[in-house]
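Only one structure is covered here, and it is reproduced in the block below.
The values are calculated or read from the model by the stated rules, or taken from the named source; none is laboratory data. Model, not experiment: these values are computed from the prediction. For neighbour counting, all protein chains shown are included, and Cβ atoms are generated from backbone atoms with ideal geometry for every residue, glycine included. These area figures cover heavy atoms from the full protein model, side chains too; ligands, DNA and RNA do not enter into them. Shrake-Rupley method; radii C 1.70, N 1.55, O 1.52, S 1.80 Å.
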Amino acid sequence: MNLREATREDGGFLADMLVEAVNWSPEWKRKSKRRVLAAPNTAHYVAGWPRPDDLGVVAEVDGESVGAAWLRFFAADDPGYGFVAADVPELSLGVVAAWRGRGVGRALMRAVESRARTAGIGRISLSVERKNFAQRLYLAEGYEVVAEGSPDSDTMVKVL
């Protein structure tokens, strides 16, 4: 697996990975890419990629993109689901279904955290539904629950 910086050309793939993240549960009716990108509260995770303070990583296997993790800052008047403060970027992470459970997500998370440290970022936040298997990964990687995001989700933060 190769990990590389996400570029302007990766905007469409990041949108695909956002759709994968939204549709994490096989028990739900799948939301289309069009629907995810039409909803302002989800579209703002990738709209205008990259903004000047965005950073991200793409995982590739044999030249094929299989996952992405990226950080984006949000303002208090346009928060993400895992918003804690304007100076704390929110992590988005998506892995192609066939590649889940194979270490891609963990590698992406560690790579984006390393780049965040280098950029002087001190904390990262995220939102995850409690039933999502990814929550175990986040806990294992040092994220801590800091608030209930909704009746079914938690906001988590990792101090870098």
Which numbered condition residue 50 fails, given (1) without any contact (Cβ under 8 Å) to a residue 40 or more places away in the chain; (2) assigned to a loop (DSSP other than H, G, I, E, B): (1)
Which condition number does residue 16 fail, the rest of (1) touching a residue at least 24 places away in the same chain (Cβ under 8 Å); (2) of a type outside the set (Lys, Arg); (3) farther than 16 Å from residue 81 by Cβ; (4) not in a helix (DSSP H, G or I) being met? (4)
Given the criteria within 11 Å of the chain's Cα centre (by Cα) and surrounded by 12 or more Cβ atoms within 10 Å (Cβ to Cβ), does residue 69 qualify? yes
Can you name the strands (runs of 3 or more DSSP E) wholly within the stretch 60-152 that have at least 2 residues being charged (D, E, K, R)? 64-72, 123-129, 144-150
Closer than 24 Å to residue 157 by Cα, open to solvent by 60 Å² or more (accessible area, probe 1.4 Å) and of a type in the set (Lys, Arg): which single residue out of 35, 102 fits that description? 102
May I ask you to say which residue of 22, 57, 88 is of a type outside the set (S, T, N, Q), touching a Lys or Arg at 6+ places or on another chain (Cβ under 6 Å), open to solvent by less than 10 Å² (accessible area, probe 1.4 Å) and in contact (Cβ under 8 Å) with a residue 12 or more places away in the chain? 88
